[in-house]
Amino acid sequence: MSERRYNRVVVKLSGRAFAGDDPIGIDSDALAHVAGEILSLQQLGVEVAAVVGGGNIFRGNVADDWNIERAEADNIGMLGTVINGLLLRGVLHAHGLEDVRVLTAVPITSMAEPYIRLRALGHLERKKIVILACGIGQPYVTTDYPAVQRAVELRADAVLVAKDGVDGVYDADPRTDPDASRYTSVDYNGVLERGLKVMDQGAIILARDHGMPLHVFDFKRSGAMTALCRGENIGTEVAAGVATATA
């Protein structure tokens, strides 16, 4: 077994990870890529829990477009995370992996297990892949905060924050500013003080208060998660006591 930096991680997957090059929908090649990256982590010996988003199906922040309340829209979005979670389980099974469990914060017992912290811990300790859907089961919360919360609850070593088309945290939007610089490392307070677009502010504060390292990386880069867990410094590390540095 290869030497590794982390033994247990939470992977934060946005709905875009399931959509491929499109903003919405589900792409079979994108799903195969997600499954392959998770399988590579398991083969490295890393215990994996994945918090899945549902923005490729429905986003709560489009409530006004549909003339519905935000709480209702967020509930619909939570159901989208269940769809993605079940799809991911199915694709992992198709890749030959049987030990995959989908746990939902909103009970849907005919399709998935209810999220119970000790149950999730037991699955991880038995080397099962755990897929976490429905966030924390409440509206007005993106999957950023649940990703950090579940990482703390499940005694993970770090959160791997998958981004679509961005290879880390920048001091400006690299898609519009050619002079934008990528941070290789920055501490939590630096993120908050600079207003950097990493995760929701509440998620950063929770990570800071519990010393949970965050690694922000481009999910389309094959092998990125295994490289991070082996100790390579790719993307941007957000952690306590790290020096602020740019590439």
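Among the residues of region 52-67, at least one is closer than 20 Å to Leu124 by Cα and not in a helix (DSSP H, G or I).
Looking only at residues that are small (Gly, Ala, Ser) and touching a residue at least 40 places away in the same chain (Cβ under 8 Å) in region 222-234, which one is farthest from Asp164 (Cα to Cα)? Checked region 222-234; the qualifying residue farthest from Asp164 (Cα to Cα) is Gly231.
All conditions but one from (1) among the hydrophobic types (A, V, I, L, M, F, W, C); (2) surrounded by 19 or more Cβ atoms within 10 Å (Cβ to Cβ); (3) under 19 Å from Ser40 (Cβ atoms) apply to Ala94; the one that does not is (2). Here Arg16 clears all of (1) closer than 17 Å to Ile131 by Cα; (2) out of contact with any Asp or Glu (no Cβ under 6 Å at 6 or more places or on another chain); (3) assigned to a helix (DSSP H, G or I) except the condition numbered (2). Of the set (1) part of a helix (DSSP H, G or I); (2) within 23 Å of Arg16 (Cα to Cα); (3) modelled with pLDDT under 95, all apply to Met199 but (1).
Residues of region 139-155 that are surrounded by fewer than 24 Cβ atoms within 10 Å (Cβ to Cβ) and of a type outside the set (D, E, K, R): Pro139, Tyr140, Val141, Thr142, Tyr145, Gln149, Val152, Leu154. Restricting attention to region 68-87, does a residue exist that is under 18 Å from Lys220 (Cα atoms) and assigned to a helix (DSSP H, G or I)? The answer is yes, given that some residue of region 68-87 is under 18 Å from Lys220 (Cα atoms) and assigned to a helix (DSSP H, G or I). Pairing residues of region 68-87 that are farther than 12 Å from Gly137 by Cα and buried (at least 20 other Cβ atoms within 10 Å of the Cβ) with residues that are modelled with pLDDT under 95 and not small (Gly, Ala, Ser), at Cβ distances under 6 Å and at least 6 apart in sequence or on separate chains, gives Gly80/Ile57; Gly80/Phe58; Asn84/Phe18. Annotation note: Cβ proximity below 9 Å between a residue of region 48-62 that is farther than 12 Å from Ala19 by Cα and a residue that is among the polar types (S, T, N, Q) and crowded, with 24+ Cβ neighbours inside 10 Å (sequence gap 6+ or interchain) occurs for Val51/Thr81; Val51/Thr143; Val52/Thr81; Val52/Asn84; Val52/Thr143. Against the conditions (1) under 21 Å from Asp164 (Cα atoms); (2) out of contact with any Pro (no Cβ under 8 Å at 6 or more places or on another chain); (3) of a type in the set (D, E, K, R), Glu237 satisfies every one except (2).
Cβ-Cβ contacts under 6 Å between residues 6 or more apart (or on different chains), taken from a first residue in region 169-184 that is among the polar types (S, T, N, Q) to a second residue that is part of a strand (DSSP E or B), are listed as Ser181/Thr246; Thr184/Ala245. Restrict the check to region 111-126 and report whether at least one residue is on the phi < 0 side of the Ramachandran plot, hydroxyl-bearing (Ser, Thr, Tyr) and either free of Cβ contacts under 8 Å to residues at least 40 places away in the same chain or outside any helix (DSSP H, G or I) (or both). Checking region 111-126: at least one residue is on the phi < 0 side of the Ramachandran plot, hydroxyl-bearing (Ser, Thr, Tyr) and either free of Cβ contacts under 8 Å to residues at least 40 places away in the same chain or outside any helix (DSSP H, G or I) (or both). Select from region 161-207 the residues that are among the acidic types (Asp, Glu) and within 21 Å of Gly223 (Cβ to Cβ) and write down the one among them that is surrounded by the fewest Cβ atoms within 10 Å (Cβ to Cβ). Looking at residues that are among the acidic types (Asp, Glu) and within 21 Å of Gly223 (Cβ to Cβ), I get Asp164.
The values are calculated or read from the model by the stated rules, or taken from the named source; none is laboratory data. This one's a predicted model, so the numbers in the text were calculated from it and none came from an experiment. Heads up, the Cβs are rebuilt from the backbone with ideal geometry, glycines too, and the neighbour counts pull from every protein chain shown.
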